[in-house]
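To start, the structure under review is shown below, and the notes come after it.
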Amino acid sequence: MSDNLLEVKGLKKYFPIKRGLFSKTVGHVKAVDDVSFTIKRGETLGLVGESGCGKTTAGRSILRLIEPTAGSIKFEGEEVTEMSGNRLREMRRNMQIIFQDPYSSLNPRITVGGMLSEILKVHGLRTSENDIKDRVNELLETVGLSPLHARRYPHEFSGGQRQRIGIARALSVEPKFIVCDEPVSALDVSIQSQVLNLLMDLQQRLGLTYLFIAHDLSVVKHISDRVAVMYLGEIVEITDYKTLYADPKGPYTQALLSAVPVANPRGKRERIVLTGDVPSPANVPSGCYFHPRCPQVMPECSVAHPELTDEAQGHTVRCLIYPSSWPAGAPIPAHISNGVKKNSLAVA
């Protein structure tokens, strides 16, 4: 059995842009554009980037809550994109999601106990009423709630408690893999650490594997084993969290990390301020997608599109600064092949 629980290769999700009386397709929004990564069993892969870069779309495409346009998604060696009907329903027992908004992701007309009971009945996990009630109570206690809460409706809970209910719902079918779609971004800072610690504790106890989507790099550092950085639908860097925070290779990752607040008020960090706005995924720039905002841009960046390649052992990066990222067959300029330091590549 492979160590990789999930293997994603060449994942794409394009949304058509339709105009005119006959809804003719005139373009596409490239929300996810050729994304590839693997997640090992029991591992947490953090997926970070600015809002609108395609993180949530990637997570939902993996679960096929959104149908991917192209690509391969293998879960325990089985191709998820080829599944349908009962087989897909069975697979989804092993792949669950925790949604970002704990307020809109729960049905306001059903009690918490009724919500969890319905899941157990639909999937045939429990049959007798006593077994269902015991399992519901067990799930609530697992996430730090009382069995008495089963009688309450979602509006009777705080944001943190609602997110715990969302976690209990994901755990109810005993999954192996959970997509955590910014599960703490809508919560108060004082509650975020409690939910993060709960997720880490559950991972240890139940052997779970996470894809943890977030835009807060300090949160990702706390929970992730490896981190993938996305920009405009692409992954631009992947490595373990220690290496990423100590030695980021890509200019975009360096800019993101420079924006993280320093705990020591007297501490100093060089701030990298990006110019301009994130381009529209419906009209991506030529060459490197990041070149209109990159502080280390070169003339070649507007022409050649970099590949995601292994710059250091286990540290992959997408940037033309590194010869390995140049497209196959494209001539590499002398100042790149000679190993000029990246700091000297900035242009006025």
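Screening Gly207 on (1) loosely packed, with under 13 Cβ neighbours inside 10 Å; (2) closer than 17 Å to Ile97 by Cα; (3) without any contact (Cβ under 8 Å) to a residue 40 or more places away in the chain shows it passes everything except condition (3). Within segment 232-242, does at least one residue satisfy the condition of being out of contact with any strand residue (DSSP E or B) (no Cβ under 9 Å at 6 or more places or on another chain) and either of a type outside the set (Lys, Arg) or modelled with pLDDT under 95 (or both)? Yes. Cβ contacts < 8 Å: first residue farther than 15 Å from Cys288 by Cα and of a type outside the set (A, V, I, L, M, F, W, C), restricted to segment 320-335; second residue modelled with pLDDT under 85 and part of a helix (DSSP H, G or I), any location; separation 6+ or different chain. Result? Filtered contacts from segment 320-335: His335/Leu345. For the residues Pro265, Pro248, the requirement of being more than 22 Å from Val32 (Cβ to Cβ), assigned to a loop (DSSP other than H, G, I, E, B) and modelled with pLDDT of 90 or more singles out Pro248. Checked against (1) farther than 25 Å from Phe99 by Cβ; (2) among the charged types (D, E, K, R); (3) touching a residue at least 60 places away in the same chain (Cβ under 8 Å), Glu50 meets all criteria but (1). For segment 138-189, give me each residue that is over 16 Å from Met115 (Cα atoms), among the aliphatic types (A, V, I, L, M), without any contact (Cβ under 8 Å) to a residue 40 or more places away in the chain and surrounded by fewer than 23 Cβ atoms within 10 Å (Cβ to Cβ). Of everything in segment 138-189, just one residue is over 16 Å from Met115 (Cα atoms), among the aliphatic types (A, V, I, L, M), without any contact (Cβ under 8 Å) to a residue 40 or more places away in the chain and surrounded by fewer than 23 Cβ atoms within 10 Å (Cβ to Cβ), namely Val189. In segment 15-70, the residue that is nearest to Val219 (Cα to Cα) out of those that are over 12 Å from the mean Cα position of the chain (by Cα) and among the aromatic types (Phe, Trp, Tyr) is Phe15.
The condition of being part of a helix (DSSP H, G or I) and in contact (Cβ under 8 Å) with a residue 40 or more places away in the chain holds for Ile62. Scanning segment 43-80 for residues that are farther than 27 Å from Thr253 by Cβ, among the hydrophobic types (A, V, I, L, M, F, W, C) and in contact with a helix residue (DSSP H, G or I) (Cβ under 7 Å, 6 or more places away or on another chain) turns up Phe75, Val80. Right, Thr69: at negative phi and touching an Asp or Glu at 6+ places or on another chain (Cβ under 9 Å) or not? It is false that Thr69 is at negative phi and touching an Asp or Glu at 6+ places or on another chain (Cβ under 9 Å).
Considering only segment 47-57, I want to know if a residue exists there that is among the β-branched types (Val, Ile, Thr) and more than 29 Å from Tyr241 (Cα to Cα). No, that holds for no residue. Pairs are defined by a Cβ separation below 8 Å, a sequence spacing of at least 6 or placement on different chains, a first member in segment 84-95 that is without any contact (Cβ under 8 Å) to a residue 40 or more places away in the chain, and a second member that is among the aromatic types (Phe, Trp, Tyr); the pairs so defined are Met91/Phe75. The selection criterion, being touching a strand residue (DSSP E or B) at 6+ places or on another chain (Cβ under 8 Å), among the small types (Gly, Ala, Ser), more than 27 Å from Gln161 (Cβ to Cβ) and part of a strand (DSSP E or B), does not hold for Gly46. Spot the failing condition for Leu145; the list is (1) of a type in the set (A, V, I, L, M); (2) over 25 Å from Leu5 (Cα atoms); (3) touching a Phe, Trp or Tyr at 6+ places or on another chain (Cβ under 7 Å), and only one is missed. Of the numbered conditions (1) of a type in the set (A, V, I, L, M); (2) over 25 Å from Leu5 (Cα atoms); (3) touching a Phe, Trp or Tyr at 6+ places or on another chain (Cβ under 7 Å), the odd one out for Leu145 is (3).
Does at least one position in segment 60-77 carry a residue that is more than 23 Å from Leu202 (Cβ to Cβ), loosely packed, with under 14 Cβ neighbours inside 10 Å and at pLDDT below 90? No, segment 60-77 contains no residue that is more than 23 Å from Leu202 (Cβ to Cβ), loosely packed, with under 14 Cβ neighbours inside 10 Å and at pLDDT below 90.
Residues checked against (1) at pLDDT 95 or above; (2) part of a helix (DSSP H, G or I); (3) in contact with a Phe, Trp or Tyr (Cβ under 9 Å, 6 or more places away or on another chain):
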residue	(1), (2), (3)
Ile167	yes, yes, no
Glu174	no, no, no
Cys180	yes, no, yes
Val184	no, no, no
Leu187	no, no, no
Gln192	no, yes, no
Gln203	yes, yes, yes
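If only residues of segment 100-114 that are among the aliphatic types (A, V, I, L, M) and buried (at least 20 other Cβ atoms within 10 Å of the Cβ) are counted, the one that is nearest to Tyr153 (Cα to Cα) is Val112.
The values are calculated or read from the model by the stated rules, or taken from the named source; none is laboratory data. Small disclaimer: the values here were computed from a predicted structure and weren't measured. Neighbour counts are summed over all protein chains in view; Cβ atoms, including those assigned to glycine, are modelled from backbone coordinates with ideal geometry.
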